[in-house]
1. Restricting to the range 99-132, name every residue that is touching a residue at least 24 places away in the same chain (Cβ under 8 Å), surrounded by fewer than 19 Cβ atoms within 10 Å (Cβ to Cβ) and assigned to a loop (DSSP other than H, G, I, E, B).
2. Can you find a residue that is outside any helix (DSSP H, G or I), under 25 Å from residue 152 (Cβ atoms) and in contact (Cβ under 8 Å) with a residue 24 or more places away in the chain anywhere in the range 209-222?
3. Within the range 134-147, restricting attention to residues that are closer than 15 Å to residue 9 by Cα and free of Cβ contacts under 8 Å to residues at least 12 places away in the same chain, which residue is surrounded by the fewest Cβ atoms within 10 Å (Cβ to Cβ)?
4. Out of all the residues in the range 105-116, which are farther than 15 Å from residue 173 by Cα and touching a helix residue (DSSP H, G or I) at 6+ places or on another chain (Cβ under 9 Å)?
5. Could you identify the single residue in 95, 158 that is surrounded by 15 or more Cβ atoms within 10 Å (Cβ to Cβ), touching a residue at least 12 places away in the same chain (Cβ under 8 Å) and more than 22 Å from residue 32 (Cβ to Cβ)?
6. Just the residues that are outside any loop (DSSP other than H, G, I, E, B), in contact (Cβ under 8 Å) with a residue 24 or more places away in the chain and closer than 21 Å to residue 99 by Cα, please, taken from the range 17-45.
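Just so it is clear, none of the values below were taken in a lab; they were calculated from the coordinates. Being a predicted model, the structure only gives us computed values, none of them experimental. Because the Cβ atoms are built from the backbone with ideal geometry, glycine has one as well, and the counts that use them run over all protein chains shown.
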């Protein structure tokens, strides 16, 4: 199983560490890592792009994982997981997408920015976005926005030929549940979606973690 974390997140988050224990208890291999510019990895965050982080995930899958994997993508990691699944379908056994921020640079950032913020990004190259999770402001760059447009998935049918399960909180301030529903509508096949009425973006409460484990058990059974 391969963990794909979120934007500005790292491999030591609650969900990533909980899955470490879950896989050990079931005798399963598990790999988590930090993208370029995240956590313990080298590089400046402002130089990161969807292309670069996708390529990080592909390199880890190709070089460090044996056989088909369950990809667990959280927030941005769900977008990365889908991009990887399209490029390496034979290496992906199933997808668990948690609060999937697919196309977030365009649909959840650019589309909601004011004219002034957009101008600053285009003319100065970046804008400092305040964090709602206690960290310092971080840069949203023109390069990130423009590169993200190369990887948009929600504008056409998205063919993924493996089981897909989505977990989405209905009180998520970052990824509205309607956005996740759009993903379900675009996906081919028969994806499953669980809406959590009181769920936020992190989905890291004990009950949330139990739901994640239960979904993974069902995907393993498949």
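1. 131, 132
2. We begin by selecting, within the range 209-222, every residue outside any helix (DSSP H, G or I); these are 222.
Next, only the ones that are under 25 Å from residue 152 (Cβ atoms) stay: none.
No, the range 209-222 contains no residue that is outside any helix (DSSP H, G or I), under 25 Å from residue 152 (Cβ atoms) and in contact (Cβ under 8 Å) with a residue 24 or more places away in the chain.
3. Here the residue is 134.
4. Looking only at the range 105-116, we keep the residues that are farther than 15 Å from residue 173 by Cα, and these are 105-106, 110-111, 113-116.
Within the range 105-116, 105, 106, 110, 113 qualify.
5. It is 158.
6. Here is the first cut: in the range 17-45, the ones outside any loop (DSSP other than H, G, I, E, B) are 17-25, 31, 45.
Of the ones still in play, those that are also in contact (Cβ under 8 Å) with a residue 24 or more places away in the chain are 18-19, 22, 31, 45.
Hits for the range 17-45 are 18, 19, 22, 31.
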